[in-house]
1. Do any helices (runs of 4 or more DSSP H) entirely within the stretch 1-93 hold 2 or more residues that are polar (S, T, N, Q) and in contact (Cβ under 8 Å) with a residue 40 or more places away in the chain, and if so, which?
2. Is it the case that Ala30 is more than 13 Å from the ligand (Cβ to nearest atom), closer than 20 Å to Gly128 by Cα and modelled with pLDDT of 95 or more?
3. Look through Asn88, Asn117, Asn92 and report the one residue that is at pLDDT 95 or above and under 25 Å from Asp202 (Cβ atoms).
4. From the list Val227, Val149, Val196, Val183, which one is in contact with a strand residue (DSSP E or B) (Cβ under 6 Å, 6 or more places away or on another chain), under 30 Å from Glu103 (Cβ atoms) and either at pLDDT 95 or above or not aromatic (Phe, Trp, Tyr) (or both)?
5. When you check Thr212 against the structure, is it under 21 Å from the mean Cα position of the chain (by Cα), within 13 Å of the ligand (Cβ to nearest atom) and not small (Gly, Ala, Ser), yes or no?
6. Which pairs do you get when a residue that is touching a residue at least 40 places away in the same chain (Cβ under 8 Å), found in the stretch 228-243, comes within reach of a residue that is among the charged types (D, E, K, R), reach meaning Cβ atoms under 6 angstrom, with the pair 6+ apart or on two chains?
7. Name the residues in the stretch 100-110 that are exposed (fewer than 15 other Cβ atoms within 10 Å of the Cβ) and of a type in the set (A, V, I, L, M, F, W, C), would you?
8. If you check Ser135 against the conditions, is it away from the ligand (no atom under 13 Å from the Cβ), over 14 Å from the mean Cα position of the chain (by Cα) and buried (at least 19 other Cβ atoms within 10 Å of the Cβ)?
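The values are calculated or read from the model by the stated rules, or taken from the named source; none is laboratory data. Keep in mind the model is a prediction, meaning the values are calculated, not measured. So basically every Cβ, Gly included, is an ideal-geometry build from the backbone, and we count neighbours across all protein chains shown.
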Amino acid sequence: NRRWSLQGMTALVTGGTRGIGHAIVEELAAFGATVHTCSRNQKELDEILQGWKSKGFKVSGSVCDVSSRPQRTQLMDTVSSLFDGKLNILVNNAGTAMLKRTEEYTVEDVSFIMGTNFESAYHLSQLGYPLLKASGRGSIVFISSVAGVLALPNVSIYAASKGAMNQVTRNLACEWAEDNIRVNTIAPWVINTSLVGKARADPSLEEKQKRTISRTPICRMGEPNEVSSLVAFLCFPAASYIIGQVICVDGGYSVTGF
Ligand code: NDP
């Protein structure tokens, strides 16, 4: 059924070696897409690409620090030559978090978080635009966060980077709908990845995390493949009328009133 397939499509997923990005690469490849991914660690990337090759997935990868403007340009050049100037799917997933009170963020922290999370995704969308348009059926999915939807403590700059993403989703969606490029965003809640694992290693944060989970209606963290399934759906032809949405994948956290 072609409405529920990615057969013959091409995709770029940033940050595919771990966590949510890793699950997204596997999900898209399993539905038939040819995928390119990136991360900053050549060794880890090579190992993971080898594993995917042995599973029969059509996945390639190159090193790119998405916070670097020239490296982003180079990444899109690579993608363009791999996929013949056309791209069906761009998933802006690579991102990072930092926990501090607002009065403690330094100027470097601010540009690091905004550069890695927001500017990277914005610029890659700009760079990807001609390729997405040329494909005749393009889809951009941003991975934002519930932190960009609600106010949570100690994440103001991370929240701003994700909130900016949520807003440009609507702008790009309206500008590019006429080019047959759909733009949507997924805002996950706590997902079991190395990013969250880092916080768990800190005893004071572990306790906080437990409390957070207990306030989540489903009473558990999410798994990366509970996010990647929605990425695949948003890229299917079946999702052709879904444009400019920010969808929370959050075990009910953003809707609970008690
Ligand atoms: P992980 O830290 O587990 O994985 C991040 C991936 O992105 C790795 O492959 C990492 O590889 C890569 N990456 C990180 N920074 C860069 C960079 N500058 N350039 C290129 N690649 C990079 O994170 P998650 O899977 O948890 O997070 C993925 C996205 O989901 C992020 O945008 C995050 O904000 C968002 N999110 C996560 C939530 C969670 O609870 N886990 C909740 C809500 C949103 P390497 O470090 O080797 O470069």
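1. Correct list: 69-82.
2. no
3. Selected residue: Asn117, the only one of Asn88, Asn117, Asn92 that is at pLDDT 95 or above and under 25 Å from Asp202 (Cβ atoms).
4. Just one listed residue meets the conditions, Val149.
5. no
6. Once the first residue is touching a residue at least 40 places away in the same chain (Cβ under 8 Å) and sits in the stretch 228-243, its partners that are among the charged types (D, E, K, R) give Ser228/Glu27; Ala232/Glu27; Pro237/Arg3; Ala238/Arg3; Ile243/Arg182.
7. Within the stretch 100-110, just Val107 meets the criteria.
8. yes
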